[in-house]
Structures are given as structure tokens and as C-alpha cells.
């Protein structure tokens, strides 16, 4: 009987320690004190502006939008791509001939020729997960094709283009079932991976990542960077000539890194969730405020420096996912809010 009591106490202690560790790792013990290097103005109305990319030639930002709360309530309302002119501050919902269900997630842009600007979109349809390819002509998206692999591409999150139809994409879980994904998240298992698409087929290029989320490449496309919110880091790889990836190092961020992007000066910007479990609560209940954090990472000859450009308790924007800098503008997106922020340095 005494041994059973001791065993029970030990088990209870183990469970308590696991709970405390989970809360600590998720950032739940952090004190959020709002701070910003920027003056920010909301740009509405954009349901769930989760990802943003910039056409540096025109200064137009393209925004991935989906009303995830409506979808959770059983309302299958198509999402959209918005175009925001950073110079004139005009926002437009783009028109499209896309014939299928549309729930955009991660996006990327590539200029092939003067008249061939392509947008690729991770799309979660009820019949599977796809990467949709569009040609941008003014305020129109001309649908070109869908890319799929239902064996490997079952939980795509974000993508980065190397060339037309040459891309890397993150699969944020290694398990297909909801239960398996939950176990991955709470046990912090490194089961997710990076896929490479060569124009014909997908193959795994990087494994053992804790929730592979945002992905981007540096300006000369020699290095690949992958955000790991559960690992609280950004993983850096060298892109080899055969598109294989060689791991370099982790950028320790101590926050839940979501989408990442490079500006034209070579600095890396990250939209982050400083309290991951609070973000999960916010996803289930919009009355729960989810804080936001924006990091700027500058690379030097000896490594990198990291600074917090903005941290917010949820008053300006909740659950920040992406920060994109263009000239004097810093654009910030979110998972559930109905606006982006257009920020300028104080």
C-alpha cells in the first residue's frame, strides 16, 4: 500500500512538472508590456490576413485572407487575395476565375518576366490540400493550375519560390490525424518537414522540425529559413546546387515564430506568438486576447543580432503572423483579426 501511494505521488509530480514545463515553453509566464518602434494604423476590412508578400517593383502587397472563425462555425465562405498599394494606401479585393473552394494560407510571389508576375497559394480544400498557381494581371488573378500530392502534401503551411514551379513548402505536422497532430504539438515532437517540388514531384528535403511553419529564402536564394514556433527558433539551411538542404544553425527566438520574410536590405522579419497557449485559447474564443510580437534579425559577419520591433498585448493586433517591410512601411498580419497594420518608424 505504501509503495502504491509513493508511485501515485511520483506520477502526480511528473504530470505537474509536465504541465509547468508546457506552460513555460509556451511562454505563458511572460509579462507582456506593449512597446513599438513604429506608429501603426489599421487597414480594414480583411478577414484573417495570415500572410503577406510584396511586389517590390510596384510596392503592392498581396494578402492571404480567410475567415477561419466562420469556417469553424460551419460556414464554408471562400477566402480571397487582397492587394494593398503601400504608396496610395488603397486596398482592393482581387478578382479571380478560380473555379474551386478557396481557403488561402501561405503565399509567395515571383516575377518571371516583365509581364509574368506569378502568385502561388497554399489552399486547404475539402477535397485535399493544394498549391494554386495564378498569374497576376492588374487586380485579377488568372488561375493557371493546381499542384498536389495527397501522400506528402497533407498539412501544407507556407511556401517559398526559387523559380517558376520550383519551390519549397512546409508540412507543419508529420501525422495526418487530428489526434496525432495534437500529440505532436503538446509533446513538442519534431515530426514535421520541408518538401521540395521540382516541377513534377515532391520529395522531403529537411526533417525533424517542431511544427515547420513559415519559410523563406534570402535574397540570392542561397539559404533557406524555416520557422519553428514550437521550437521557438528559425532553422537555417544552405540550398545546395541539387536543391538538397544542409543544416547550418538555429536562430534562437524564445517566442512562437510564425511567418518570416526578408526585406531588401537583407534583414529577416518574423511575426510571432509570444504566448502560444493563449493563442490557442484565442482561436477557440475571440474574447480571449492574444498578444503579438515582431522580431527583426540582422545578419553580420560574426552571426546575427535580434531585436523586438513591436510587442503588443492585443490592442493593436492579435496573434501576429507576419511582418513585411517595404521602404517606410512595415505591414503586419494576423490569423483572426479583420485588419492588417501599416506601420511607419516613429
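The values are calculated or read from the model by the stated rules, or taken from the named source; none is laboratory data. Just so we're clear, the structure is a prediction, and the values are computed from it rather than from any experiment. With ideal geometry, Cβ positions are generated from the backbone for all residues, glycine too; neighbour counts draw on all protein chains shown.
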Across the range 244-280, the tally of residues that are in contact (Cβ under 8 Å) with a residue 12 or more places away in the chain and part of a strand (DSSP E or B) stands at 20
Within the range 331-346, the residues that are surrounded by 15 or more Cβ atoms within 10 Å (Cβ to Cβ) and assigned to a strand (DSSP E or B) are 331, 332, 333, 334, 339, 340, 341, 342, 343
Can you say whether residue 75 is under 30 Å from residue 19 (Cα atoms) and in a loop (DSSP other than H, G, I, E, B), as far as the supplied structure shows?
no
If you go through 189, 152, 161, the only one that is under 21 Å from residue 107 (Cα atoms) and in a loop (DSSP other than H, G, I, E, B) is 152
Scanning the range 220-243 for residues that are in contact (Cβ under 8 Å) with a residue 40 or more places away in the chain, out of contact with any helix residue (DSSP H, G or I) (no Cβ under 9 Å at 6 or more places or on another chain) and either within 20 Å of residue 110 (Cα to Cα) or not in a strand (DSSP E or B) (or both) gives 221, 224, 225, 226, 231, 239, 243
When the range 14-57 is checked residue by residue, the ones that are closer than 17 Å to residue 269 by Cα, outside any strand (DSSP E or B) and touching a strand residue (DSSP E or B) at 6+ places or on another chain (Cβ under 6 Å) are 37
Restricting attention to the range 272-309, the residues that are surrounded by 23 or more Cβ atoms within 10 Å (Cβ to Cβ) and either farther than 20 Å from residue 68 by Cβ or modelled with pLDDT under 95 (or both) number exactly 4
Scanning the range 293-330 residue by residue, those assigned to a strand (DSSP E or B), under 19 Å from the mean Cα position of the chain (by Cα) and more than 28 Å from residue 248 (Cβ to Cβ) turn out to be 312
Residue 102 passes all but one of the listed conditions (1) part of a strand (DSSP E or B); (2) touching a residue at least 24 places away in the same chain (Cβ under 8 Å); (3) crowded, with 18+ Cβ neighbours inside 10 Å; the exception is number (1)
Filtering the range 210-219 down to residues that are surrounded by 18 or more Cβ atoms within 10 Å (Cβ to Cβ) and out of contact with any helix residue (DSSP H, G or I) (no Cβ under 9 Å at 6 or more places or on another chain) yields 212, 213, 214, 215, 216, 217
Exercise for review: Answer yes if at least one residue in the range 167-174 is more than 20 Å from residue 108 (Cα to Cα), touching a helix residue (DSSP H, G or I) at 6+ places or on another chain (Cβ under 9 Å) and not in a strand (DSSP E or B), and no otherwise.
Suggested key: yes
Flagged in the range 113-141 as in contact with a strand residue (DSSP E or B) (Cβ under 6 Å, 6 or more places away or on another chain), exposed (fewer than 15 other Cβ atoms within 10 Å of the Cβ) and assigned to a strand (DSSP E or B), in numbering order, are 140
Scanning the range 190-209 for residues that are farther than 22 Å from residue 131 by Cα and either touching a strand residue (DSSP E or B) at 6+ places or on another chain (Cβ under 7 Å) or buried (at least 19 other Cβ atoms within 10 Å of the Cβ) (or both) gives 190
